[in-house]
Each structure stands twice: as structure tokens, then as C-alpha cells.
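Only one structure is covered here, and it is reproduced in the block below.
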Amino acid sequence: MHSTLPTLAEAAPQMTVASLLYHRLRSDILLGTLGPGSKLTLASLAGIYGAGMIPLREALNRLSAEGLVTQHDQRGFFVCEISQEDVIDLTQTRCWLYEGALRKSIENGGREWENEVVLSFYRLGEVPRYKDPESTVVNQDWADPHRRFHTALIAACGSRRTIAISENLFDQAERYRNLARLKSRKPEVHEEHRQIMDAALRRDADTAVRTLLDHLMATCSVVVRALAEKEGVAGRNKPTRKRRLSKK
């Protein structure tokens, strides 16, 4: 259920209406509240979010630049579609990017980097991944610490642009995880994170990279299976040619 935006007095002083809209829309897209292919009519969004046309257009343009929204001439804005082919391509891109960034981060990282990797890992471990012990629904409070851990691993790579792109791709992958509504629990995820961290801290770049890429590809495989099981997804988005993730 949507709610109108807080007033500027209620929000952080530095946050503009467009920024508030951007974060609210972005969250609703990542969570699947605004589903794939949904038409984002300005008049409708203005009523739902309690905002004007100009900040709405600004927020939608930012989301378009991030690959979460697409704009069609004469037709307006739409939430980007999903497909098995796209999540495979997304994961392959993340693997290529993370491999170089993680190697460079391990090479460059000092004590401050090590501390942040360890801290982000333990903070992630403090948040339950699932809403309750029997649920397969991921706890949304887990998303930010998870993102921080993956960012911490490559934080010393020396390239702000690489980190920004990696975070954007992480969010797109998070959208797929949320939309897939994974039916199976994966209790070994925290142990996978520990193995990545341990290899990075002992400066074993080959093991750290291999473990991280295996971690990303395993999640991708689970998401692809879940999407295939959802009614209509396999038929509507079936790729014309099967692709496999490859590692260098």
C-alpha cells in the first residue's frame, strides 16, 4: 500500500521532493510493488505518491538511467521487464566486474578496508535472512547489510565508477530475488560470505574470486528456476538460445 510523501519538514533537510520520490519509487520497483512492465502514468503516480509532475519526471529519468525504468516514445514510462535471459546476462556482467574489482581491492586494501569487510560481515550476520524460521520470504531488512558487505569487498579497488556500477547491478539482482519469491531456503549463504571474506583477508585473490563468482552464479541458477516455475514467465520470456554463465 502506497502512502503520500512526507513533507520536506519531515524529511531530511537536504532531500528534495524529487529525491524522496526517487527513493520511494525505487523501493517499490525493487520490492515488486510496481511490477515488471507496469505503466507509470504520471497522473496516476501523482495521486498515489502525492507529488507534482516535474519531480515525478525527474525521479523517473533517474530510474531510467539505472535500468529500472524504460521510456518509450509517445507511450511514457514503464517498469523494466524481467526474463531468464536478462538475469543470466546481469549475473555474467556482475561476475566480470567483480573479478577485476575484488582482485584490485585485495591488492590495494589496508587495515581500514579489512576492518570494514569484517564489520559488514558481522552486521550482516546479525540480521535474519528470512522473516521467520519457517518462511522462505527474505527479510527486507537483510538487503542493506547484504549490499554493504558486497560493496565492502571491492571498496579498495580504487575506482568509484566501478563501485557505483556494481551497486547498481546489485540492486537489479535484488529485484530479481524479490520477484522470484524464492521457494527454497539457502542456509549456507552466510557460510559462503564467510569463505569469501576469509579468502580476501588472507589475500588469496584466486580463491576469493572463485568463491564469490560461484556464490553469484548459484543464486542466479536458483532465481532462473524460480522464474521458470512461475506461471507464464517461462513462455513469455523464453530466450531463443540457451546461454550459460562462463568464468574466465
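The values are calculated or read from the model by the stated rules, or taken from the named source; none is laboratory data. Keep in mind it's a predicted model, so treat the numbers as computed, not measured. No Cβ is skipped: glycine too gets one built from the backbone with ideal geometry, and neighbour counts run over all protein chains shown.
When Arg203 is tested against (1) assigned to a helix (DSSP H, G or I); (2) farther than 24 Å from Gly67 by Cα; (3) at pLDDT 95 or above, exactly one condition is not met: (1).
Looking at Glu188, is it of a type in the set (Asp, Glu), modelled with pLDDT under 90 and farther than 26 Å from Leu25 by Cα? Criteria met by Glu188. Among Ala65, Ala101, which is the only one that is modelled with pLDDT of 95 or more and more than 14 Å from the chain's Cα centre (by Cα)? From the options Ala65, Ala101, the qualifying one is Ala101. Taking the conditions (1) buried (at least 18 other Cβ atoms within 10 Å of the Cβ); (2) more than 17 Å from the chain's Cα centre (by Cα) in turn, Leu153 satisfies each one other than (2).
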